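First the structure, in the form of structure tokens, and then the observations on it.
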Amino acid sequence: MIEAYVWAGVTMAIFFLIAVLSANMIIFKPNDPGTTKRRIWFWVLCVLAGVVGFLINFLTTLDNEVSSNKSDYIMHSGIALAIAILLYIAIGFIISKIFKNSKVGTWF
Amino acid sequence: MARTRNSTTRSRQNNRGRKKSSSLKWILLISLFVVLSLVIWGVVTMLNNNDYTFKRSDLDKYIEKTHNNNLLNNGISVYFDMSNGMNHAYSSVHSKETLKSVINKLAGNDKNDKVDFYSLANGRITSLELNHKDLFNYMIDSKNYAQQRAPIETTLDSIVKKKQPALLMTDFEEYHDNKIQLAAYAKKYFIDWLDMGYNITFYKWTFVEGKKNKYMFLAVFDDNMNSLNNRIKEAVRENSDIDTFVLGSRDFAYPTKTNYISSKKGGNYHNSKGNDIVTAVLEDGSSDSYFCYAKAMATAEGESELFTPLDNITGAFAEYYPIGVKWQDVIRNAKTMQKKGTPKADVFHHLLSNLYINFNKQDGYNIKKIEIRTFDMQETMRTIANSKATISFKEIEKINKPEIDEIFTANMEDCRKLVNWKHIFVDFHNNFNGTFIDEEKSSNLIRANIVISEVDENIEKAKKFFYWEGNPSLFNSVTETLQASTSKPIGRILYTYYVKTLAN
């Protein structure tokens, strides 16, 4: 059952890295600091992190025929989804406040 | 916007100071947390290492140590009743041929196959030193039946004491002071023989003495290996006038077999693809997977897939099922596979099934009911794992095996395809919801014995076979033997399922 959390965690970490990368790729322009674009990227990737993580977990249950194992794993995947999204937002908030003056600082 | 130098420097200095002390605090806090977690983890791991983890090899040891065979001594004794009442016993063509057949089967072939012949007459048991050709002529010569008083009771006593396979050919008419003994003189010896765990098979034909119809008996005293009994069975096979009555002991080897889908899979649920998706029993052939201790072999009669009677070579009537999910999940999965709309081949019927037993190979009892008795084997397994190889059977038996109530039930039903055979299956008890009072015990090894719980004596059958006018002694002996508490197979273990869940 731990695998559910591992998959969700790994997916979240990857998507978070993509968010950081994308934030850094959007350059400061004189009229347009790019804040809105970075924020959109941040939240879209947040949702994707959760959904893709859950999908990966769900796909691994398809070849499991034992129904109790299947439903238990899906339940854990759901919990992992919630935790992954919360962690994504929390870490994003903390990092954004620590590196206030950098590009990721504009997330929050 | 421009700032004055002083305020910037001051605030930066102040900020720097504050940051330094607060980060120090954080470092201390985090390191304390890390150390604490390491300590807790270390303690927990140490505690867990003291806990016993079950391995199937422990169960192998247990079965090897507690499996006992109960066989007779070597050697065969054959007793011929030569009293004058037997004069016409071999008069018909059929009976002569049967006698010849029996003697041929018993003819001493080699030194390891020692058969001793005795004649019973004049109140004495006398050794007969004849080869089998002379023996047959001796038996059909009416001159040799001049004497009286075959000491049947003494012979029975000798048979019980010698503890060897024995054949007694007689009409069971015992004389006492020149009068026919009508009391059930044989019962003590029949009861003792059965109490030791051995069987008596009676072969009978009718002959006429003067105006009376009498019975001629071949009483075979043997154990479950049937080394002597199989020979006699072969010898009488051609004779269709012969009736049989098997008086089996508590330990009688009821023919037992299973009808599983493969040699690596047991009687647990399998769907139409052959997968166990209810109990998820580990069936991959690894060292901790499902194992059947009973070995199937063809019997003397050529029936295949029967488990041979209990003996050291072929194994115990037991199986080991390692379940892959928790008990609550087994119940959940079973309910899922019973929902409406499940294809017929996938419907869940029983927790364990496809075990077949034939109770009709013995004639003394009608087995009416079976039950299942469940015991916790954790203590036993832990002791065996920690003990040396020299631990004795007695020490193992002393270990506490607490009985678990209301977890399984067992039933039997008639078999449509196999007449005479009963199909035995195991289900959950209605009051079992998957949880144990002590949650730690839920992953212990459980021993579930299928035992006989209710029997009826086949008195009517015995009467038809043994009773004849003027001398009810043999019938009474058999009846009293059947009614003796040491003969009844109540509590006899027929098969054992060892079950354990691997999920914790």
When A:Phe108 is evaluated against the numbered criteria (1) out of contact with any Phe, Trp or Tyr (no Cβ under 7 Å at 6 or more places or on another chain); (2) without any contact (Cβ under 8 Å) to a residue 24 or more places away in the chain; (3) not in a helix (DSSP H, G or I), which criterion, by number, is the only one it fails? (1)
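Results for (1) aliphatic (A, V, I, L, M); (2) under 23 Å from B:Lys233 (Cβ atoms); (3) open to solvent by 70 Å² or more (accessible area, probe 1.4 Å), shown as yes or no for each residue.
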| position | (1), (2), (3) |
| --- | --- |
| B:Ser119 | no, no, no |
| B:Ser127 | no, no, no |
| B:Asn137 | no, no, yes |
| B:Tyr145 | no, no, no |
| B:Arg149 | no, no, yes |
| B:Asp157 | no, no, no |
| B:Gln164 | no, yes, no |
| B:Lys179 | no, no, yes |
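Kindly indicate which of B:Ile140, B:Ile152, B:Ile125 is at pLDDT 85 or above and within 25 Å of B:Ile242 (Cβ to Cβ).
On the way: B:Ile140 fails: at pLDDT 85 or above; B:Ile125 fails: within 25 Å of B:Ile242 (Cβ to Cβ).
Checking each option against the conditions leaves just B:Ile152.
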Tally of residues being more than 25 Å from the chain's Cα centre (by Cα), open to solvent by 20 Å² or more (accessible area, probe 1.4 Å) and either under 12 Å from B:Val78 (Cβ atoms) or touching a residue at least 12 places away in the same chain (Cβ under 8 Å) (or both) across the stretch B:216-239: 2
For B:Asn420, are the conditions met, namely being in contact (Cβ under 8 Å) with a residue 60 or more places away in the chain and closer than 16 Å to B:Asn366 by Cα? yes
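Residue-wise test of (1) at pLDDT 80 or above; (2) open to solvent by 70 Å² or more (accessible area, probe 1.4 Å).
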position	(1), (2)
B:Ala2	no, yes
B:Gln13	no, yes
B:Leu24	no, yes
B:Ile27	no, yes
B:Val43	no, yes
B:Asn49	no, yes
B:Thr53	yes, yes
B:Lys61	yes, no
B:Lys65	yes, no
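Of these, A:Lys100, A:Lys37, which one is within 14 Å of another protein chain (Cβ to nearest Cβ), surrounded by fewer than 19 Cβ atoms within 10 Å (Cβ to Cβ) and of a type in the set (Lys, Arg)?
Values: A:Lys37 fails: within 14 Å of another protein chain (Cβ to nearest Cβ).
Only one candidate passes the filter, namely A:Lys100.
Determine whether the stretch A:45-68 contains at least one residue that is within 30 Å of B:Lys273 (Cβ to Cβ), away from every other protein chain (no Cβ under 14 Å), open to solvent by less than 70 Å² (accessible area, probe 1.4 Å) and small (Gly, Ala, Ser). Before the answer, list the steps.
Here is the first cut: in the stretch A:45-68, the ones within 30 Å of B:Lys273 (Cβ to Cβ) are A:54-68.
Keeping just the survivors that are away from every other protein chain (no Cβ under 14 Å) gives A:54-60.
Going one step further and asking which of them are open to solvent by less than 70 Å² (accessible area, probe 1.4 Å), we end up with A:54, A:56-57, A:60.
Now narrow it down to the ones that are small (Gly, Ala, Ser): none.
So far as the stretch A:45-68 goes, no, none of its residues is within 30 Å of B:Lys273 (Cβ to Cβ), away from every other protein chain (no Cβ under 14 Å), open to solvent by less than 70 Å² (accessible area, probe 1.4 Å) and small (Gly, Ala, Ser).
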Sort out which residues of the stretch B:312-340 are more than 14 Å from chain A (Cβ to nearest Cβ), in a loop (DSSP other than H, G, I, E, B) and not polar (S, T, N, Q), and write them in order of number. B:Ile313, B:Ala316, B:Phe317, B:Lys340
B:Tyr495 vs (1) touching a Lys or Arg at 6+ places or on another chain (Cβ under 9 Å); (2) surrounded by 15 or more Cβ atoms within 10 Å (Cβ to Cβ); (3) not charged (D, E, K, R): all pass except (1)
Looking only at the stretch B:469-489, decide whether some residue is assigned to a loop (DSSP other than H, G, I, E, B), farther than 20 Å from B:Ser249 by Cα and of a type in the set (Val, Ile, Thr). no
Based on what the data block shows, is B:Ile372 in a strand (DSSP E or B) and modelled with pLDDT of 95 or more? yes
Conditions: (1) open to solvent by 60 Å² or more (accessible area, probe 1.4 Å); (2) at pLDDT below 85; (3) closer than 28 Å to B:Asn70 by Cβ; (4) of a type outside the set (Ser, Thr, Tyr). B:Asn131 meets all but one. Number of the miss? (3)
I need the strands (runs of 3 or more DSSP E) fully contained in the stretch B:87-192, keeping only those with at least 2 residues that are under 33 Å from the mean Cα position of the chain (by Cα). B:115-121, B:166-170
Answer yes or no as to whether B:Ala107 is hydrophobic (A, V, I, L, M, F, W, C) and touching a Phe, Trp or Tyr at 6+ places or on another chain (Cβ under 9 Å). no
Search result, residues across the stretch B:237-260 that are over 15 Å from B:Tyr198 (Cα atoms) and modelled with pLDDT under 90: B:Arg237, B:Glu238, B:Asn239, B:Ser240, B:Asp241, B:Pro255, B:Thr256, B:Lys257, B:Thr258, B:Asn259, B:Tyr260
Out of the residues in the stretch B:403-447 that are out of contact with any Leu (no Cβ under 9 Å at 6 or more places or on another chain) and of a type in the set (Gly, Ala, Ser), which is surrounded by the most Cβ atoms within 10 Å (Cβ to Cβ)? B:Ser442
A:Met75 passes all but one of the listed conditions (1) within 14 Å of another protein chain (Cβ to nearest Cβ); (2) surrounded by 14 or more Cβ atoms within 10 Å (Cβ to Cβ); (3) in a helix (DSSP H, G or I); the exception is number (2)
Across (1) at negative phi; (2) more than 14 Å from chain A (Cβ to nearest Cβ), B:Val278 clears everything bar (2)
Just one of the numbered conditions (1) surrounded by 15 or more Cβ atoms within 10 Å (Cβ to Cβ); (2) out of contact with any Phe, Trp or Tyr (no Cβ under 7 Å at 6 or more places or on another chain); (3) not in a strand (DSSP E or B) is not true of B:Ala385; which one? (2)
Answer yes or no: is there a residue in the stretch B:245-264 that is in a loop (DSSP other than H, G, I, E, B), closer than 15 Å to B:His350 by Cα and open to solvent by less than 60 Å² (accessible area, probe 1.4 Å). yes
Conditions: (1) without any contact (Cβ under 8 Å) to a residue 60 or more places away in the chain; (2) assigned to a helix (DSSP H, G or I); (3) farther than 19 Å from A:Met1 by Cβ; (4) open to solvent by 30 Å² or more (accessible area, probe 1.4 Å). A:Ile91 meets all but one. Number of the miss? (1)
Every residue in the stretch B:281-294 that is among the aliphatic types (A, V, I, L, M) and away from every other protein chain (no Cβ under 11 Å), please. B:Leu282, B:Ala294
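The values are calculated or read from the model by the stated rules, or taken from the named source; none is laboratory data. These numbers were taken from a predicted model, which means no experiment stands behind them. Don't worry about glycine lacking a Cβ; one is built from the backbone with ideal geometry, like all the others, and counts go over all protein chains shown. Remember, those area values only see protein heavy atoms, side chains included, never the ligands or the DNA or RNA. Shrake-Rupley method; radii C 1.70, N 1.55, O 1.52, S 1.80 Å.
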